[in-house]
């Protein structure tokens, strides 16, 4: 039983995409499924959010795109992490750490 | 590195957008296929799988649009599409678009042209390093006016001040110069040796004056302007050769000034001042002064400094009286050059600004009318999800297109307009050669267009997109689009237009009436059929040499009388209506045995105040009064009795007789006026002549003493010839005669009508321009009234049809439409009259013979404006009466 899907927080989508690409190059559907998997089904990324984010991140230079063959010999667009993307992942990870710590603190406060 | 990636993405998005789009399309489709396959693997039937995949994707077109919005450079794409859309809109109404573009071009062009004059004359910094540190220094006289400096006063300013790095004096006058390619009448300046240092400039060839060049008795040296060096000296690199004969003395050329250096204006030669020693009088005001402030010293500080020195002189000087300075003043040089032109030019700028407002109002009305037709389109776009901001941007884009095209055309017009303005401008407008379409003027034109665009765009956008657009859909369906609201706004605009136009036309009326009043002034002399001839012999101090010049002029006059067609010939030291007029000074009523032997005893005469008088000092011949038709009131004018060795005589003007000798007969009185020409012989008053408006038709006549040229000769005079013959024949004959008598002396010829006409130059300039702006505004406002009324009638066709069907006669309809128009017109006129009363006060100093609230002008202009506006209402109103109820009810 997967938990109820949750809508993504502002800024977390980039982090999740970068994180999922650590495993290697992937096409859009792959990334979407990978996010679902690593968040235990908490986040389901719709194409309407995924593709704009991918294209934006490509333009930022964090990921690069190329055409490749899918598992079923279908032409698909693959994405991979660039050097700048790896750095960005570190930045985003740190930021997220701070945010989640702060939120946890806030919720614990009596 | 990421920046590079971004730049590449931006360029790719922009230049190969088709490939980017195809790529995206393929990617999304591949995604859909993969989703479908996934679903099939999960065991769904193919049809079901495809449907589920589509649902998960959420619409191919939406996904693509979302990606597009994220793309770099998306804003540029949308701006371009706004522009394309805007152009299509503008093309849809070619007539209205042409009218709007033309109106804006006219207004922006006129504003730009006037601004280029204002910029070139008033704003553009003088072309010297740190020009804002250069100051003009004046004495302040007993009546509070600024006056030139006397030598000892200048010396005290120079030696005692703590505010100036350098301070120099200069003057300027026209002399005959020979020794170059041909004899010329050239304006020269006598300057103190630090003159160029004040301006931070140096000769480009040769050297500046040294202190030795200015010492008493030094060899005469001269600096020449770049233009003079090229044209008259033929550009020699070696300056040891050229010598110039100036005022009878030989000068060595020591330096050539840079091409841009023109100070004082029109001067081509600079000579050291006081080579024959300084004038010791503190009341002979012979020089202007300029200085460069020390670093850190403010104008205010310099002013206090100079003022303290001046007041000290005033308290301690032995030369008391009206001509001794009372105070001193320091003003930025630029202000002192342009001071007189400032108010007139600012009035013109204000007037053209009003024209611009009237023009914008017309365009705003046209845009509003179009916008109300577009209500439906706006409603549809809103229904399809366009945000209000997006619609406002669409309106702004269209306004920018209009204004930039209009502004561009206007700028082209301004190039032509500036040439016209420079040609039309009065000759005494300073720095006129600076006026051109320069970079700051271009920037101004662009900013002005942008401001107009923003104003118009924001206005129409806010008007058109306010309220509930769904109403637009409904109302549009009934063919009565957005009528009420936009028509009310249209009427407000028209009322404002009428108000502004009224102010402008009242201004034009006041300037026009002033010009007429000036022309009605009897100048006190004849203007037509007079040829004038300026001649300058070398300046002489020695009485014998001066007497020789008197004989020279006597011979010249005799020869000129022989020219066929020339009836009478005279001479005067300074023509009326020109330049600074005659010099003025103090005379003393004394008898023969009180006459001092030398000028040193002269100051002592100014003691008992009752014996003093003040007058202008003119040197003339009897012929002068005959040529100009200045009437003899009583006594006689000069004749053969008045030779150089007989008792010297004077003729005085009527106003002097009235003011100085009230209830007495001045004829027979003797006066001492030797401080004007150094000749201490008494003058016996022998006649009284009519007053003349020396200083311009709009200035009151000044009390004047005329002495006889043959008794009191001087070197520079203007000959006046009354002739029936062709001016060119007289001119060439006179030139030949002068050439014959002295080939080194050139002359300048003009007709007296030219002098007269030039003296009215600035009044004519103001009147023509403001009149032009006023008429243009009047036409625009009339068109505005017509447009709004015609639009209103066409919108109300159905209503009128119903009224007619219910029994309203054509008179009722006419009255209804006209009264609606009249209300708008009267509101506008009322505001306009109030505005005019407030604003015309600011131009009061430029008016003559009319008050700023002249009832005739106000009444006439109001009638004119109401008449024109009513006419503009009448045509649509007539059309309304022709409405056929059957047709009207079927309308649309």
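Screening the candidates B:366, B:348, B:355, B:325 for the property of being touching a helix residue (DSSP H, G or I) at 6+ places or on another chain (Cβ under 6 Å), crowded, with 17+ Cβ neighbours inside 10 Å, at pLDDT 85 or above and within 22 Å of residue B:162 (Cα to Cα) yields one hit, B:325. Residues that are facing chain A (nearest Cβ under 7 Å) and part of a loop (DSSP other than H, G, I, E, B) within segment B:52-73 comprise B:58, B:71, B:72, listed in sequence order. Here is the figure for segment B:22-57: residues that are closer than 17 Å to residue A:54 by Cα and without any contact (Cβ under 8 Å) to a residue 24 or more places away in the chain total 5.
Scan segment B:698-712 and give yes if some residue there is part of a loop (DSSP other than H, G, I, E, B), in contact with a helix residue (DSSP H, G or I) (Cβ under 6 Å, 6 or more places away or on another chain), outside the structural domain of residue B:427 (by TED's automatic domain parsing) and surrounded by fewer than 19 Cβ atoms within 10 Å (Cβ to Cβ), otherwise no. For segment B:698-712, residues part of a loop (DSSP other than H, G, I, E, B), in contact with a helix residue (DSSP H, G or I) (Cβ under 6 Å, 6 or more places away or on another chain), outside the structural domain of residue B:427 (by TED's automatic domain parsing) and surrounded by fewer than 19 Cβ atoms within 10 Å (Cβ to Cβ): present. On the stretch given as segment A:45-70, residues that are within 9 Å of chain B (Cβ to nearest Cβ) and in a loop (DSSP other than H, G, I, E, B) total 4.
For segment A:12-44, residues that are in a helix (DSSP H, G or I) and within 10 Å of another protein chain (Cβ to nearest Cβ) total 5.
Against the condition in contact (Cβ under 8 Å) with a residue 40 or more places away in the chain and in a helix (DSSP H, G or I), how does residue B:116 come out, does it pass?
Values: in contact (Cβ under 8 Å) with a residue 40 or more places away in the chain: yes; in a helix (DSSP H, G or I): yes.
Taking the combined requirement at face value, the residue satisfies it.
When segment B:229-255 is examined, which residues are found to be within 12 Å of residue B:269 (Cβ to Cβ) and part of a helix (DSSP H, G or I)? B:229, the sole residue that qualifies. If the condition is being facing chain B (nearest Cβ under 10 Å) and either touching a helix residue (DSSP H, G or I) at 6+ places or on another chain (Cβ under 7 Å) or under 17 Å from residue B:72 (Cβ atoms) (or both), then segment A:71-84 contributes A:72, A:74, A:75, A:76, A:77, A:82, A:84.
Would you confirm whether any residue within segment B:653-663 is crowded, with 22+ Cβ neighbours inside 10 Å and either touching a residue at least 60 places away in the same chain (Cβ under 8 Å) or not in a helix (DSSP H, G or I) (or both)? Checked segment B:653-663: at least one residue is crowded, with 22+ Cβ neighbours inside 10 Å and either touching a residue at least 60 places away in the same chain (Cβ under 8 Å) or not in a helix (DSSP H, G or I) (or both). Of all residues in segment B:879-892, those that are exposed (fewer than 15 other Cβ atoms within 10 Å of the Cβ) and in a helix (DSSP H, G or I) total 4.
Here is the figure for segment B:624-635: residues that are surrounded by fewer than 24 Cβ atoms within 10 Å (Cβ to Cβ), in contact with a helix residue (DSSP H, G or I) (Cβ under 9 Å, 6 or more places away or on another chain) and not in a strand (DSSP E or B) total 1.
Where strands (runs of 3 or more DSSP E) fall entirely within segment B:518-607, those with at least 2 residues that are outside the structural domain of residue B:851 (by TED's automatic domain parsing) and more than 27 Å from residue B:320 (Cβ to Cβ) are at B:530-536, B:566-572.
Assess whether residue B:124 counts as being away from chain A (no Cβ under 14 Å) and out of contact with any helix residue (DSSP H, G or I) (no Cβ under 8 Å at 6 or more places or on another chain). Give the derivation first.
Working: away from chain A (no Cβ under 14 Å): yes; out of contact with any helix residue (DSSP H, G or I) (no Cβ under 8 Å at 6 or more places or on another chain): no.
No; evaluated as a whole, the condition is false for this residue.
The helices (runs of 4 or more DSSP H) found wholly in segment B:720-825 and carrying at least 1 residues that are in contact with a strand residue (DSSP E or B) (Cβ under 6 Å, 6 or more places away or on another chain) and surrounded by 15 or more Cβ atoms within 10 Å (Cβ to Cβ) occupy B:727-741, B:752-759. Here residue B:452 meets each of (1) closer than 27 Å to residue B:259 by Cβ; (2) in contact with a helix residue (DSSP H, G or I) (Cβ under 6 Å, 6 or more places away or on another chain); (3) in a helix (DSSP H, G or I) with one exception, condition (1).
The values are calculated or read from the model by the stated rules, or taken from the named source; none is laboratory data. Everything numeric in this text was worked out from a predicted model, so none of it was measured. Methodologically, a virtual Cβ is constructed for each residue, glycine included, from the backbone with ideal geometry; neighbour enumeration extends over all protein chains shown.
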